[in-house]
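What follows is calculated from the coordinates using simple rules that are stated; it is not laboratory data. What you see is a predicted model; the values in this text were computed from it and never measured. Note that each Cβ is placed from the backbone with ideal geometry, even for glycine, and that neighbours are counted across all protein chains shown.
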Amino acid sequence: MIVFPTPVQTTLLFYMNYRYLKDKVAGHLMFVLSALSLLLVVSMGVGLYLKSAPILADHSLWSLISASEWKPMKNEFGFFPFIMGTAWVTVLAVAFALPISLLMAVFLTEYSRPWLRRYVFPLLDILAGLPSVIYGVWGTLLIVPWISEFVAPSLSRSSSGYTVLAGGIVLGVMAIPLLVSLFIELFSNVSQDFREAALALGATRWQTVKHIVLRKSLPGLIAAVVLAVSRTLGETIAVLMVCGNLAVAPGGLLDACYPIPALIANNYGEMLSLPLYESALMFAAFILFFVVLVFNLFSRIVLRKVTQY
Amino acid sequence: MSIATTFSWSLRHAFARPTWTLTEPFAVERKFPRPSDVRLAVDNLNLYINDAHILKNVSVSIPQNKITCIIGPSGCGKSTLLRTLNRLVDTNEGIKISGNVNFGTQDIISAKGSDITEIRRNIGLVPQRPCPLPMSIYDNVAYGCRIHGIRKKAKLDVIVRHYLEAVGLWEEVKSRLNAPANGLSIGQQQRLCLARSLAVEPSYLLADESTSALDPISSKKIEELFVKLKENYSIVMVTHTLRQALRIADYVIFMYLGEVIEQGPANEVFNNPQHSLTKNYLSGAFS
Ligand SMILES: Nc1ncnc2c1ncn2[C@@H]1O[C@H](COP(=O)(O)OP(=O)(O)OP(=O)(O)O)[C@@H](O)[C@H]1O
Ligand SMILES: [Mg+2]
């Protein structure tokens, strides 16, 4: 005997299948989208590599990154000054921003009164959202003269003020609001129970912060610093305005420098007459891309080690 | 005693890893000075959180070397009272306190700075929800001693083992002392928290429903432990299990809506409650 499904059963069956269909479609769609974003990164890397292939064919990789002469007209492309410029400015900015934002976040979450937080949090969001050109202007108007008129003379040096130091300070100040709000987020996610457990044993507030709060949020702290470093590495406008843009590897804080993003932004457009010049700038972009990528991958490995608590 | 025996004894102490069992009462030498006066008394305590009156005219004195059980319906302020005793209420926003809480000659409510940490060491609180610190099992027990200045590995080894054995956790965790403590089961975490609190040698142990996460056998073990501990410690425990209070309490405090309704020796309160609220509440246990 053949049993035909009743209309109700048919509709039910349809909806059941429809439900699973939706589930399947959603799953596939999400997979495709994630794969696309991954593909985007890969295609960027490949694109930059292909674009910089001409200069890599003409010069060896090692000579490109170790040579110091930058004379595009004479076919001399040494990236060492730019790499060093980026490294100096980034390291300085992070070294400057990290302790300050860490202490600020600790103060705001663990020590301050709630009303202070109510005023500071929106302020931080505003600061984090300001366009970087404003920080550049602020640096040129305040930090650069401060360095040329006070800092350099007091060290009995003369300086235009457009220096590694200026770049580091401006980038550091830019990174602080981002870092502080990330840190605050992390610290407030540490359950109050942990703090109380330590306090109940007689720990001081500072001991609680050191042993519990920081330890508990260590993976997040690392991720936040990686994000800040990646952004600092790629920051363009502000460094372009305060670093002096001199293609010489800086020897100290009071020397001018020329970070890679500034190099690309300053010269892209006027290099059309020289085919190798464009390729050189693409190679600069490729270096930046590669450094950020390696840095992020490396941090993943570190994160895997510290997340066990 | 001959010189040879003395010699062999000291040798054994130097080399053998000391082992303790529960039958041997707390033989770890005292690490922290014991305050001369350890009476704990609450007098006319009123506590407000954001203008809500949480504790109303609470006056109790906690007997020493006894188990005091605080009973009462949920939300009546038992945890808040315990948290006031070791100043953990400081972490709440908008708190207002009046009245006296005295630990010996010291006023707990007006204590400042290092007095607070010393009070918290002396009046240990085991939280209602077990909360292992984000470290290894070993470090959890050693943490309290470390922050109070004991850092020698050999000494800490002894302490850790001793207190883990005291709470009956040693056998279960001895092979993974360096594993993260949050991998333990809830019941094991509860006992770990207990060991952690005991390790700083408090005079009072405030246990907030320490057995609520445990199976009957483990909670019996904890009860036995408490009974043993009262030789050296005064224990205040909050419990919702009236049978448990019946079994081990020496002194009972019954709270209701922020007030202490009745307090007294356990057999008096249980067998002959004076207040009708107490009668009603207790009738749950005997019916
Ligand atoms: N941070 C806070 N803000 C406002 N009210 C609070 C706060 N903490 C506790 N209370 C209130 O204080 C009262 C007592 O709470 P408490 O935690 O001491 O109760 P309890 O007797 O321990 O209850 P339980 O048996 O459920 O643990 C409750 O009414 C609670 O809502
Ligand atoms: Mg409670």
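What is the antiparallel percent of DSSP beta bridges lying wholly in the protein assembly as shown, to the nearest 5?
60
Per residue of segment B:187-204, in order, report the coupling 6.51 cos²θ - 1.76 cosθ + 1.60 (Karplus, θ = phi - 60°) as ³J(HN,Hα) in whole Hz, putting x for Gly and Pro.
x, 5, 4, 4, 5, 4, 4, 5, 4, 4, 5, 5, 5, 9, 6, x, 7, 10
Under 5 Å between amide H atoms, partner at least 5 residues away or on a different chain: which partners does B:Ser61 have, H built in plane at 1.01 Å?
B:Val42
Between the DSSP loop rule and a limit of at most 15 other Cβ atoms within 10 Å, which GluC sites (Glu not before Pro) in segment B:219-287 are left?
B:Glu231
Taking every pair of alpha-carbon atoms in segment B:124-204, what share in percent sits in each 10 Å bin, from 0 to the bin with the longest distance?
Answer for segment B:124-204: a P(r) of 20, 59, 20, 0 percent.
How high is the relative contact order of chain B, in percent, with contacts defined as C-alpha pairs under 8 Å that are six or more residues apart?
RCO, chain B: 25 percent.
Amide H to amide H, which residues 5 or more places from B:Leu206 or on other chains are under 5 Å from it, using H placed in the peptide plane?
For B:Leu206, whose amide H was placed from the backbone, the distant partners under 5 Å are B:Gly124, B:Leu125, B:Val126, B:Val236.
Say R0 is 30 Å: what FRET efficiency, to the nearest 0.05, do A:Phe14 and A:Met44 get from their beta-carbon distance?
0.10
Using Cβ counts within 10 Å as a stand-in for footprinting exposure, how do B:Trp170, A:Trp146, A:Trp206 rank, fewest first?
Ordered by Cβ neighbours within 10 Å, fewest first: A:Trp206, A:Trp146, B:Trp170.
How do A:Val302, B:Val141, A:Val291, B:Val269 rank when sorted from fewest to most other Cβ atoms within 10 Å of their own Cβ?
Going from least to most buried by this count: A:Val302, A:Val291, B:Val269, B:Val141.
I need two numbers for segment A:7-58: Rg to one decimal and Dmax as a whole number, Cα atoms only, in Å.
In Å, with Rg to one decimal and Dmax whole: 22.2, 75.
Give me the distance in nm between label points sitting 7 Å out from Cα along the Cα-to-Cβ direction at B:Ala179 and B:Ile217, one decimal.
The two pseudo-label positions are separated by 1.9 nm.
Give me A:Cys257, B:Cys69 sorted ascending by neighbouring Cβ count inside 10 Å, so fewest comes first.
If I rank by nearby Cβ atoms, fewest first, I get B:Cys69, A:Cys257.
At 15 Å minimum axial length over the Cα atoms and a Kyte-Doolittle cut of -0.5, report the qualifying DSSP H helices in chain A, or say none.
Membrane-span-like by this criterion, though nothing is claimed about a membrane: A:7-58, A:80-106, A:114-129, A:164-189, A:218-234, A:275-306.
Out of the DSSP beta bridges found with both residues in chain B, what percent are antiparallel (nearest 5)?
Expressed as a percentage, antiparallel bridges in chain B total about 60.
Give, to the nearest whole percent, the P(r) tail of chain A beyond 37 angstrom, counting all Cα pairs.
So the pairs more than 37 Å apart make up 35 percent of the total in chain A.
Mind jotting down a quarter of the surface of the convex hull over the alpha carbons of segment B:225-287, in square nanometres, one decimal?
Across all orientations, segment B:225-287 yields a mean hull projection of 4.5 nm².
Cβ under 14 Å from A:Lys210's Cβ, A:Lys210 left aside: what net charge do those residues give with Lys, Arg +1 and Asp, Glu -1?
Local charge sum for A:Lys210: +3.
Starting from the eigenvalues of the Cα gyration tensor, five times each then square-rooted, give me the equivalent ellipsoid semi-axes of segment A:138-255, largest first, whole Å.
In descending order the semi-axes read 39, 16, 11 Å.
Can you give the relative contact order of chain A as a percent, counting alpha carbon pairs under 8 Å and 6+ residues apart?
Result for chain A is 26 percent.
Using only alpha carbons, build the gyration tensor for the protein assembly as shown and give me the equivalent ellipsoid semi-axes, biggest first, whole Å.
The equivalent ellipsoid of the protein assembly as shown has semi-axes of 61, 33, 27 Å.
Which value in deg cm²/dmol, rounded to the nearest 500, describes the helix-derived mean residue ellipticity at 222 nm for chain A, given -39,500 (n - 2.57) per DSSP H run of n ≥ 4 and division by the residue count?
Computed mean residue ellipticity for chain A: -23000 deg cm²/dmol.
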